[in-house]
Protein chains: 2
Amino acid sequence: MKARGDRLSAAGMLTELAAIGEDPQGGITRFLYDPAWRQAQQAVARMMREAGLAVSIDAVGNVYGKLEGTDREAPSIVTGSHIDTVKCGGRYDGALGIAAGIAALAKLKRSSGQPRRTLEVVSFCEEEGSRFPLAYWGSGNVTGCKLFDGSLDAVDAQGISLREAMAGAGYKPAAHRASRRTNIAAFVELHIEQGEVLEREQRQIGIVDAIYGQRRYFVDIAGRSGHAGTTPMPLRADALAAAANMIVWLRKAALEAGDGLVATVGKLEVSPGIPNVIPGNVRYSLDIRHRDEAVIEAFCAEAFQTFAAMAEKHRVTVQQTCWLSEPPSPPMDAGLKERLARICEASGYSHMPIGSGAGHDAGLFARTCRTAMIFVPSRDGISHSPLEYTAPEDIERGADVLTKLLYQLAYELAERV
Amino acid sequence: MKARGDRLSAAGMLTELAAIGEDPQGGITRFLYDPAWRQAQQAVARMMREAGLAVSIDAVGNVYGKLEGTDREAPSIVTGSHIDTVKCGGRYDGALGIAAGIAALAKLKRSSGQPRRTLEVVSFCEEEGSRFPLAYWGSGNVTGCKLFDGSLDAVDAQGISLREAMAGAGYKPAAHRASRRTNIAAFVELHIEQGEVLEREQRQIGIVDAIYGQRRYFVDIAGRSGHAGTTPMPLRADALAAAANMIVWLRKAALEAGDGLVATVGKLEVSPGIPNVIPGNVRYSLDIRHRDEAVIEAFCAEAFQTFAAMAEKHRVTVQQTCWLSEPPSPPMDAGLKERLARICEASGYSHMPIGSGAGHDAGLFARTCRTAMIFVPSRDGISHSPLEYTAPEDIERGADVLTKLLYQLAYELAERV
């Protein structure tokens, strides 16, 4: 019995899932509908069955495990996360929420029997956007928040369309809208933080209050290249010097703005990029995130006004192109956050409210039902990397908080949430 | 006679040389010892012969045209420049000094007969360092300023060694030191400015006072990459933000230093270079030039001290590696500069003293004999490009000043310079 118990612990299931899709370059690669993905969803379905749950797979490949409630009319209480990974990703991102969800339902069934409200755990087929130029293929279809118009023709790096990939995995491409659900009362997601705030603040549980919106731009600067030896400093129109001024300003302005705003220049290309030639052109990426769309808007407006003035001073031109704009999620449910805080206190777990700069399935559910999200620490804040690590005790605490919240929502609450 | 006169004008010879080594990608490519180079040196030899000069070719392929003086014991007055180009270079860089030198000697022979001092024009085989990882193969061997230890084994991009390339062009590799000359009294080089100082200052002639020294470094910054969404600004160790601060400081410090100091960051690479990942590592190139080695030394010392402090503030590490260090040339000869200024005034040409941020053959001669260098304007300061352009009037004025100085040195001066 012990062996079986271990295998159905969150940690045991995580270990099993981590062995599926091991990448020769390190870490785990499970892309939507690829062989490793199929193997992983089959393993999840088996784990759900072993946990005593009724398994079903929807039109896009989301796998559900259900523990039916006595009130069969009431919409479900759902937990879960995504099974796909980035290229060479870690073993916790996504998988933790699935494994802990199965473990929670297994434990609740064992200890408390049939719930009043139906409890479900879901393994979403896709969230990362790693294979095709779209993301949230799982929760986007389930919530109906993403229409995915024309997405079936999107192609991966090998030129395979989503349509072909679906068909190859045994799904009917045209049927993807059938995966939409309207009978979900609440969604709760356990996930690793993927940052280092909990670690720095020495808190064991993060209670997410909002999932940030983000904008991504390319900023193009055009100056004039020239001979590094023969062009005096005052006569230069150095695109990189101008870009450096902007990057310094961005960091300073983001630090001063505080309140969780982040601004990142992650990619920068210099042309011609030769040591003894003054850079004529620079293109850099700009990623801005905050929980409040108005704050993002105001920050970008100030940045671009500042950039224009800097460009004039440097005798270069500047132009920015927005290529991604994701609005912030609605706030997480206040009642659920309050319950989570009380559960942590009763359990002796230190906790704090936290914003999520990364996108999550819970962000989409927050638009359609009461939603909560629980973070556990990521060592050194590392994620999307084979080095991703969350300690077993943190996994246990996260799974415990999740189980207790699901118990309250499905077993205790008289009224429907 | 007109046709022949035109052909032996500086402009006529430049046009002929520009047709040798035309690159399919634009501009001119003549690499040391390649077919275009051989064709060009043969054309130069023919032009010299047509100008009535005695032609000789030395052990490394420098081509000389000589107009023997009555004082056959006295060391020569030499003018010239280099025949090789950068990849897709312009028609003036190097070639102008050769063409104008041949034209000057032709004109002096025609108008004034045999000089007292022997006059020579030289077409140096190599200066740019375009083919092999070495430069000044022409003037370096002639002056003996460069020992080229082990250089014969240097290989080009195709894996061909300098030794093989020499042999292929009909030269004896081991004999390269035989090209050394010790009987040169003065060297005068006419060259395009390759910058925009003359154009901006609206002067027709630049009288070079010094050829700058230069140092080149790679600066490596190591921070910590992280998720752009989940890492709060105060917790970041962003290598690019640190680099940007350094680049802003470099520009400001170089502008404040003034006095011709130039500092350039021409190449910058970000790792991992992904829009939503905080840069963990940055490597950038740093090119510092000034006429005074002590100024370069002091500037670099201050820069690296400043970088260390910035790195600490940004929680990154910084390390710089010097990969090129060329000391400044000795000052150009004061007497020759004074002669050039008087020639310009007598001829009604506006002029100014000017430093050269680019290296030149004259910089090596300045270590061994009295040396002067004359600049003519480059349109928009553009060089090392098919767009390189100097107006015919500017070429005429430069050639005229060169001719008049050579006349004074070879015909008028009683004492040996």
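Points to keep in mind about this one:
- Whole-angstrom gap from the range B:328-385 to the range B:205-249, using each part's C-alpha centre: 34
- Rotationally averaged projected area of the range B:31-152 (alpha carbon convex hull; nm²): 7.6
- Highest mean first, the peptides A:235-243, A:31-39 sorted by other C-beta atoms within 10 Å per residue fall in the order A:235-243, A:31-39.
- Karplus-derived 3J(HN,Hα), 6.51/-1.76/1.60, for each residue of the range B:213-223, Hz, glycine and proline x: x, 9, 10, 10, 10, 10, 10, 10, 10, 10, x
- For the pair the range A:282-304 / the range B:113-185, the C-alpha centres are spaced 57 Å from each other.
- The mean count of C-beta atoms from other chains within 10 Å of the C-beta of residues in B:60-72, rounded to a whole number, is 0.
- Two-decimal Rg to Rh for the protein assembly as shown - Kirkwood Rh, Cα set: 1.16
- Rounded to the nearest Hz, the phi-derived 3J(HN,Hα) couplings of the range B:135-151 under the Karplus curve 6.51 cos²θ - 1.76 cosθ + 1.60 (θ = phi - 60°) are 9, 6, 4, x, 5, x, 6, 5, 7, x, 6, 10, 8, 6, 4, x, 5, where x marks glycine and proline.
- Share antiparallel - DSSP beta bridges, chain B, percent rounded to 5: 65
- Over all other residues within a Cβ to Cβ distance under 9 Å of B:GLY101, the charged ones net out to -2, with Lys and Arg as +1 and Asp and Glu as -1.
- Per-bin percent of Cα-Cα distances, the range A:271-404 [5 Å]: 2, 7, 12, 14, 14, 12, 10, 9, 7, 5, 4, 2, 0
- For the peptide B:269-278, the mean number of other protein chain Cβ atoms found within 10 angstrom of a residue's Cβ is 6.
- Entries in A:LYS87/A:LYS337; A:LYS66/A:LYS146; B:LYS267/B:LYS337; B:LYS107/B:LYS337 that, when Cα-Cα distance is taken, lie over 28 Å: A:LYS87/A:LYS337; B:LYS267/B:LYS337
- Nonlocal amide H pairs with B:HIS384, under 5 Å, H built at 1.01 Å: B:GLY90
- Approximate spin-label separation A:ALA309-B:GLN319, in nm, with each point projected 7 Å along Cα-to-Cβ: 4.0
- Amide H contacts of A:GLU189: A:ALA372, A:MET373, A:ILE374, each under 5 Å away and 5 or more positions distant or on a separate chain (H built 1.01 Å from N in the peptide plane; Pro and chain starts excluded).
- Quarter of Cα convex hull surface for the range A:213-326, i.e. mean projection, nm²: 6.7
- The range B:213-326, relative contact order in percent, only Cα pairs under 8 angstrom and at least six apart counted: 46
- Calculated diffusion of the range B:1-66, Stokes-Einstein form, Kirkwood radius summed over Cα pairs, 4 °C and 1.567 mPa s, µm²/s: 102
- Amide H contacts of B:GLY226 (H built 1.01 Å from N, in plane; Pro and chain starts excluded): B:ILE278 sit under 5 Å, all sequence-distant by 5 or more or on other chains.
- Over the range A:139-192, the pair-distance histogram of Cα-Cα distances with 5 Å bins from zero comes to 4, 16, 22, 22, 14, 14, 8, 1 percent, rounded to whole numbers.
- Surface/4 of the Cα convex hull for the range B:158-236, nm²: 14.0
- For chain B, the calculated P(r) over all alpha carbon pairs, in 20 Å bins from 0 to the bin holding the longest distance, is 25, 51, 20, 4, 0 percent.
- Using the Karplus relation 6.51 cos²θ - 1.76 cosθ + 1.60 with θ = phi - 60°, the per-residue 3J(HN,Hα) values for the range A:49-61 come to 5, 4, 7, x, 9, 8, 9, 9, 10, 8, 5, 10, x Hz, with x marking Gly and Pro.
Only the coordinates and a few stated rules stand behind these numbers; no lab work does. What you see is a predicted model, and the numbers here were worked out from it, not measured in a lab. Glycine gets a Cβ as well: all are built from the backbone with ideal geometry, and neighbour counts include every protein chain shown.
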